[in-house]
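Just so it is clear, none of the values below were taken in a lab; they were calculated from the coordinates. Since we're looking at a predicted model, the values are computed, not measured. With ideal geometry, Cβ positions are generated from the backbone for all residues, glycine too; neighbour counts draw on all protein chains shown.
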Amino acid sequence: MFEMNATPRLRRVKHSYTRGARYLAGRSVTSLAGTGITPNVLTTTGVSLCLAAAVLVPFENRADKLLVYWLAAGIFVAGSVLDILDGALARLGGKSTPFGAFIDSTTDRVGEGAMLAAIALVFSRHGRDWAVVLSVAAVVGSFLVSYTRARAEALGLRGDVGLGSRAERVVLITAGLVFAPWGGLPWAIVALAATAWLTVVQRILHVRKQLSGGTSGIDQR
């Protein structure tokens with residue numbers, strides 16, 4: 001039976017870059033806090049940029065592929081970073097609310113889903129049906145990664161195990177766009193789908209392990 005979480009080495013790697021990312025995010029948010037920019041502005045701008053990047057991707061057959069894919073990658077990264085900073089800014093300014101967290105999580109799914117849909121459209125145009133199927137699997141898996149964590153936490157349990165969190169998915173999508181002119185996009189989606197579904201399984205097993213102590217009164221639908 002495989003480990004519920006990543007291997008110790010992978011855990012150390014993830015902890016290292018997560019700590020570094022949080023440090024950089026903290027410094028960025030501290031600078032933003034003095035500008036009067038609100039978390040809602042960051043949320044709206046972030047999802048708008050992700051949607052703009054998704055709209056841009058299908059134009060890869062009407063312009064220079066390198067320019068389109070790299071521009072889409074840059075815009076997608078910018079939007080994703082803002083989606084990360086909005087929650088941190090809300091917490092720093094004491095403006096964090098349950099509804100704000102709900103909207104933040106929802107817009108994250110919108111931006112990611114739109115990008116994967118655009119990528120699936122490109123695969124369909126080029127007759128790569130297998131890649132279209134994997135794109136759909138990546139969307140479902142990515143959404144389930146977030147759902148399993150939310151459901152676990154609603155039960156008072158921990159559900160954040162696994163390597164395929166949003167940050168890793170953003171990295172894989174961005175890498176796929178950057179290397180798309182040389183055929184790298186399908187393989188990035190393969191990695192994304194595999195990582196997402198592995199994380200879903202890890203979280204399900206981790207929740208089961210936590211419940212094995214006996215919490216029969218909890219609705220486990």
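Taking R0 as 41 Å, what FRET efficiency do you get between S212 and V133 from their Cβ-Cβ distance, rounded to the nearest 0.05?
My answer for the efficiency is 0.75.
If the chain between T38 and S124 were fully stretched, how many nm would it gain, using 0.36 nm times the residue separation less the Cα-Cα distance? Show your work: numbers first, answer last.
Values: separation 86, 0.36 × 86 = 30.96 nm, distance 3.94 nm.
Between T38 and S124, full extension yields 27.0 nm more.
Using Cβ contacts closer than 10 Å as the measure, can you line up R125, R109 from fewest to most?
Neighbour counts put them in this order, fewest first: R125, R109.
Run the dipole for region 151-220 about the Cα centre, Lys and Arg Cβ at +1, Asp and Glu Cβ at -1, nothing else charged, and hand back the magnitude in debye, nearest 20.
Around 100 debye, computed over region 151-220.
In what order do Y69, Y147 fall by count of nearby beta-carbon atoms within 10 Å, going from fewest to most? Before the final figure, lay out each step's value.
Details: Y69 24, Y147 14.
In increasing order of surrounding Cβ atoms, one gets Y147, Y69.
Enumerate the calculated ³J(HN,Hα) couplings along region 129-136 in order (Karplus 6.51 cos²θ - 1.76 cosθ + 1.60, θ = phi - 60°), each rounded to whole Hz, writing x wherever the residue is Gly or Pro.
Ordered by residue, 3J(HN,Hα) equals 4, 4, 6, 4, 4, 5, 5, 5 Hz.
Once both labels are modelled 7 Å past Cα along the beta-carbon direction, what's the F179-F143 spacing in nm?
Result: 2.8 nm between the two label points.
So how do R128, R208 line up by other beta-carbon neighbours within 10 Å, fewest first?
On the way: R128 17, R208 11.
Ordered by Cβ neighbours within 10 Å, fewest first: R208, R128.
With 5 Å bins from zero, work out the P(r) of region 113-214 over every alpha carbon pair and list the percent per bin.
Each 5 Å bin holds this share of Cα pairs: 2, 14, 23, 21, 14, 10, 7, 5, 3, 1, 0.
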